[in-house]
1. Being at pLDDT 75 or above and in a strand (DSSP E or B) is the filter here, so list the residues in region 144-183 that pass it.
2. Looking only at region 129-155, count every residue that is among the charged types (D, E, K, R) and more than 21 Å from Pro66 (Cα to Cα) and tell me the total.
3. Does region 83-91 contain at least one residue that is crowded, with 18+ Cβ neighbours inside 10 Å, touching a Phe, Trp or Tyr at 6+ places or on another chain (Cβ under 8 Å) and in a helix (DSSP H, G or I)?
4. Only one of these conditions is not met by Val74: (1) over 19 Å from Leu144 (Cα atoms); (2) of a type outside the set (S, T, N, Q); (3) part of a helix (DSSP H, G or I). Which number is it?
5. Please verify whether Tyr69 is surrounded by 13 or more Cβ atoms within 10 Å (Cβ to Cβ), at pLDDT 95 or above and closer than 23 Å to Leu155 by Cβ, treating the condition exactly as stated.
6. Kindly indicate whether any position in region 116-136 is assigned to a loop (DSSP other than H, G, I, E, B), exposed (fewer than 14 other Cβ atoms within 10 Å of the Cβ) and either of a type in the set (S, T, N, Q) or at pLDDT 90 or above (or both).
Amino acid sequence: MWCLVLLVSIVLIGLPSAYAQKEKKKEKKAKNTSVEKKEHSPHKATLWALIPGAGQIYNKKYWKLPIVYAGFGVIGYFILANRSEYIKYNNAYICSAKADADTSFVCTDPLGIDYETSYLQSYRDYYRRNLELSFIILGGWYLLQILDATVDAHLFYWEVDDNISLRVDPIYHPPFIPTRQPAYNGFRLTLRF
């Protein structure tokens, strides 16, 4: 689940699409020809982003909407699944614990009959932890889509030139060459723009 959230957040924030770049160039040409210039406000984008997906619509990044709503859908599925399992094992635990405490009480829950109270308690705690973690991830995803809309609005007029390049070179400096520098390994990143 963590890998999925990480992958989707990298795609949501880090990778601009070619379609969006073409649309931005068309919009820039249209803005240069028009007499009125409308300012794109990061503050408005942040306020719109309080409604999930509306900040992306304000920034005219429609391709991000399926990613935002898919993230909410997946997290919602995990919340519902963990909640139903938690309720099932909690009811079985209560029934089994009551039967252990009072010998006249008869537990009718099938899980309470089949499993010991300690096992039911560990299952119940497991699903409660996953339910709470799912809510934390939901809050993080909500904040992430707000952050995406805000950053995207700040970079709305920023242009990426075709002459930008990133070069990655491995570096190996063996320990047997008599120089004043110590031996090291690594990478050299060269950004040209």
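1. Selection gives Ser165, Leu166, Arg167, Val168, Asp169, Pro170, Ile171, Tyr172.
2. So in region 129-155, the residues among the charged types (D, E, K, R) come out as 129, 132, 148, 152.
Now restrict to residues that are more than 21 Å from Pro66 (Cα to Cα): 129, 132.
Qualifying residue count for the region: 2.
3. yes
4. (1)
5. Numbers: surrounded by 13 or more Cβ atoms within 10 Å (Cβ to Cβ): yes; at pLDDT 95 or above: yes; closer than 23 Å to Leu155 by Cβ: yes.
Criteria met by Tyr69.
6. yes
Conditions tested, residue by residue: (1) touching a residue at least 24 places away in the same chain (Cβ under 8 Å); (2) out of contact with any helix residue (DSSP H, G or I) (no Cβ under 7 Å at 6 or more places or on another chain).
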site: Glu39; (1), (2): no, yes
site: Trp48; (1), (2): yes, no
site: Gly53; (1), (2): yes, no
site: Ile67; (1), (2): yes, no
site: Tyr77; (1), (2): no, yes
site: Asp109; (1), (2): no, no
site: Glu116; (1), (2): no, yes
site: Arg129; (1), (2): no, yes
site: Tyr142; (1), (2): yes, yes
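The values are calculated or read from the model by the stated rules, or taken from the named source; none is laboratory data. Note that the structure is a prediction, hence the values are computed from the model and not measured. Note that each Cβ is placed from the backbone with ideal geometry, even for glycine, and that neighbours are counted across all protein chains shown.
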